Every structure is written in structure tokens, then in C-alpha cells.
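Participant: Got a structure for you, written out below as C-alpha cells; questions coming shortly.
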Amino acid sequence: MGNNLRTNQLIRNLIILGDFVVLNVIYSLYIYFNPVPLNHSNAMLLILLSNFGFLVAQYYYSTVVHEPLVSSDKVLRQVTRLAFLQQIVSFLMIKTVFMLMDITSPLIRFYLYLAPIFYLGLLGSRYSEKQLIKYIRRMGHNVRYVLFVGNSLSLLSIRDYLINDPSHGYRILGYYSDHEMEERNSSMSYLGTIDDAISLLNEQREHVQADELYCCLPSSQDETIMKVMRACNNSMVHFFYVPLFATTFGHSLRLERLGEHVVMTNCEEPLNQPVNKLFKRTFDVLFSLIVLICMLPFLPIIAIIIKLQSPGPIFFKQKRTGLNGADFYCYKFRSMHINAEADKLQCTENDPRKFAFGNLMRKTNIDELPQFFNVLRGDMSVVGPRPHMLYHTEVYRKLIDKYMIRHFVKPGITGWAQVTGFRGETKELWQMEGRVERDIWYIENWSIWLDIRIIWRTIKQILVRDKKAY
């Protein structure tokens, strides 16, 4: 355990050192090639104060990329805060010092150009560092060893989550329980009874390889749970208690405060908070305006081609299920010949209803662009669960237990399900179940950073053709 902590600290320190290298290289190159150059002494003073500002920013928003299971949106959020605070602190210090020294310098112009360059440079270095750490962990270095206590199937879900991606750096040692699991799995070794685990942690601390221990026992065994927790503290092993809610209720419950009381809910919704709603709506409006303004010059060309290839309207509108189950008209560029099955039958790969340009629009997502009008109207968001046809809502709400939860937020043009392999036609029920599962995960884990991450992954899907886009 100690070696792992030291390795993690070493990686963190190297990343911080790399941040300062990125800062100084970018600042030095920018000053050297700046069209309004600074003299040598002013340039050195500017770099020195910028480094001091970065030191302050590192104190508050240091790197998290080395942490296990850290999400990409958390890394993005941390880098954004780090760069922003560095620019603010450095700018204020430089402006104050230069004013006191009676030095005139084009600081505003300098920082308007430099800030985005530095931010992109920092993002680039973080991405490279993240890939390097993933490679190191895949090779078996900088890993964390995990023990389980209990025989609940909830532990299998946690195991699968921890080892799903080898780059997370987790290795499962096995589990202790007074009774072996009913559904034994070859990758989960049975190590002995709970008393054996307590004895190992208390009396053979030098032989304990584990960094973390996850305990899943019923609350009626509170004395045993406390013994395990104390033994973990004694061996400096991080203790986590896993409630039995997953197997009892069929899905996870989350803590929520109700005045002085603690209650549990089966659905956590960050977008219920007014501040989050405001952030998301503001982002939706600004992003949609930019896209629609860029789209205007191409609208006549798209309209002419659609008219030439297929008689009928330019736009296709269809009633779909939106926020809180309410219906709304969803707009798209028409990509199919007019047909009677449009409100029930999904598009297939070689669907004869598509005309040539319509097929191209669907592959490149051009047909979805009018939905930004839906976003401006407030029917949709840029990111959210994809809206389904009314017919599909009626069918799947009866087949999938938590299907309607996806309507607790506005539907989106793109979503977490679409960028994680559940885009397009749903031929089998499990495909829709997977989509719903990811939609609910998005609702419970929303952040503006997650939206940005999904948009970026959607853009990558457009640039590198998605086989499910048809």
C-alpha cells in the first residue's frame, strides 16, 4: 500500500512539474514571437509573476488525473479552473507590479491571445498524461489491490466496475465471507471467513497487500462491520461500506437531506437545482445560436437538393415524447420519401425509404440540425436522452421498468447513450435497455462538463464515421 501511495505522489509531482514546463515554454515562445515584443527585463518579470500565479492556482486546483477512476469531465473541470485562476492571479499581479514600476505594456491584448493558447496547451498535456498513466497501469504498475467482505451479489457489480477498464489500475484479491457466494465466479477467489479477514488485518499487518476493502454485510451485523472497519484502520487499509440496496430494491438508492433528516431516493437529479437549470439553458441557447448562424448559408442549398431528389416538404416534423412525458414536435431535415410508416418504423441500414442525399445527411448528422430550433424553443437541450416516437414510448414503457425516468429532463440532440455505443436502430430489447440505463446515468450524474464531453465525442463520431449512423 505504501509503495502505491508513494508512486501516486511521484506521478502527481511529475505532472505538476510538467505543468510548469508547459507554462514556461508557451509563455517564452509567445513572448519571443509576439508582434509587440517586451524588453528582456519586463519579459522575465512577466514570466516570474506568471509562475507565482500558477503556484497559487496549483494550491487550489492541482491535478486529479493520477487518481483512480477519475472521469474525463472531472479532469476537464479541474484543468479549466486551474488555467482560469492562474490567468486571473497572474494578470492582477502583473498589472499591479507594472503600474507601480510605471511600465506600459499591452497586457490586455497579450492575455487575450495567450490565455486560450495556454489553456489548450494544458489540455493537451493532460490528455497525454492520462494516456501514459493508463498505459502504465495496463502494464501492472501503480495498481490498487482490493479485498471484499461479504457474499452479496452487490460486490460482483462493484468488482465489474473496478476492473472493467484495466487502465483504472485495480486488482481484486478475493473475498472473505462466512458463506461462499451462490453464484461463484472464477475471478473472485474465496479467501476465508470474516474472522480470518479481521485476524489478517489486526495481527499480520505486514502481510496485508490490500489498499482498499469493500464490506457488504447487513446492518444487523453492525458489530462485525465495526470490527472490520477498526481492523482496516489498524492496517491503514481504506474501508468502504456497501449497502445492500442494489440487491434489495433492484437499483441503487442515494442519500438526500430533508431538513435535519436523511432520506433516500432512487433517482438523483442535479438538474432539479435552479442554478444548474440556468447554466444548462444558457449553454443551450448560446450553442444553438452559434450552430444556427453557421447553418444559415447552407440552408438554401440543402433545401434545393431535398426538393430535387424527393417531392414534399423540406422539414420533417414528428410528435415525440419530451420533458415529463409531454408531447412536442421534433424537427429534422427530411431524409426519406413521404411514407405511412414514419411514426412507427425505425430507419434501417438499407432502408428503401431513404433517398440518396437523405442517406448522406443521416450518415453525417446533417438531418438533425433543425433540432437546434427545438432547443431555442425550449422543447429540447443540446445534450440529453434522445426523444423517441410516441409509439415507441408506449411500447417500451410496458417492457422496461425504469423507461419513463428518462423523461425527467429535456430530450437532447445527442446524449450519453449515443456516444457510448447505443446509437441508432434498436433491434433487440437489450439494446433499448442499455440506452435507458445510460440515459438514467446521465440524469443522475449531469454536469456542464459532462455535456461538453458528450458534445466533443459526438463531433468525433461525425469526423470518424459511426457505423451505426444510417
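The values are calculated or read from the model by the stated rules, or taken from the named source; none is laboratory data. The shown structure was predicted, so the numbers you read here are calculated from the model rather than taken from an experiment. Every residue, glycine as well, gets a Cβ built from its backbone with ideal geometry; the counts of neighbours run over all protein chains shown. The accessibility values were calculated without ligands, DNA or RNA, using every heavy atom of the protein model including side chains. Shrake-Rupley method; radii C 1.70, N 1.55, O 1.52, S 1.80 Å.
Participant: Out of all the residues in region 387-415, which are open to solvent by 20 Å² or more (accessible area, probe 1.4 Å) and closer than 11 Å to V436 by Cβ?
Facilitator: Y396, R397, L399, D401, K402, M404, I405
Participant: To continue, here is another question. Hey, can you tell me all the residues within region 416-431 that are of a type outside the set (S, T, Y) and surrounded by 17 or more Cβ atoms within 10 Å (Cβ to Cβ)?
Facilitator: If the condition is that a residue be of a type outside the set (S, T, Y) and surrounded by 17 or more Cβ atoms within 10 Å (Cβ to Cβ), then W416, A417, Q418, V419, F422, R423, G424 are the ones that fit.
Participant: Any residue that is among the aliphatic types (A, V, I, L, M), in contact with a Ser or Thr (Cβ under 7 Å, 6 or more places away or on another chain), within 22 Å of V143 (Cα to Cα) and modelled with pLDDT under 85 - is there at least one of those in region 195-206?
Facilitator: Scanning region 195-206 turns up no residue that is among the aliphatic types (A, V, I, L, M), in contact with a Ser or Thr (Cβ under 7 Å, 6 or more places away or on another chain), within 22 Å of V143 (Cα to Cα) and modelled with pLDDT under 85.
Participant: Kindly indicate whether any position in region 366-384 is surrounded by fewer than 20 Cβ atoms within 10 Å (Cβ to Cβ), of a type in the set (F, W, Y), out of contact with any Pro (no Cβ under 8 Å at 6 or more places or on another chain) and modelled with pLDDT under 90.
Facilitator: For region 366-384, residues surrounded by fewer than 20 Cβ atoms within 10 Å (Cβ to Cβ), of a type in the set (F, W, Y), out of contact with any Pro (no Cβ under 8 Å at 6 or more places or on another chain) and modelled with pLDDT under 90: absent.
Participant: While we're on this one: Scan (1) out of contact with any strand residue (DSSP E or B) (no Cβ under 8 Å at 6 or more places or on another chain); (2) modelled with pLDDT of 90 or more; (3) open to solvent by 70 Å² or more (accessible area, probe 1.4 Å) for the single condition F315 breaks and write down its number.
Facilitator: Of the numbered conditions (1) out of contact with any strand residue (DSSP E or B) (no Cβ under 8 Å at 6 or more places or on another chain); (2) modelled with pLDDT of 90 or more; (3) open to solvent by 70 Å² or more (accessible area, probe 1.4 Å), the odd one out for F315 is (1).
Participant: Quick check on my filter: what residues within region 73-93 are farther than 22 Å from N24 by Cα and either touching a Leu at 6+ places or on another chain (Cβ under 9 Å) or open to solvent by less than 30 Å² (accessible area, probe 1.4 Å) (or both)?
Facilitator: Result: D73, single match.
Participant: On the basis of being out of contact with any strand residue (DSSP E or B) (no Cβ under 8 Å at 6 or more places or on another chain), β-branched (V, I, T) and either modelled with pLDDT of 85 or more or surrounded by 14 or more Cβ atoms within 10 Å (Cβ to Cβ) (or both), does V228 make the cut?
Facilitator: Taking the combined requirement at face value, the residue does not satisfy it.
Participant: Is it the case that region 331-343 has a residue that's over 31 Å from the mean Cα position of the chain (by Cα) and modelled with pLDDT of 90 or more?
Facilitator: The answer is yes, given that some residue of region 331-343 is over 31 Å from the mean Cα position of the chain (by Cα) and modelled with pLDDT of 90 or more.
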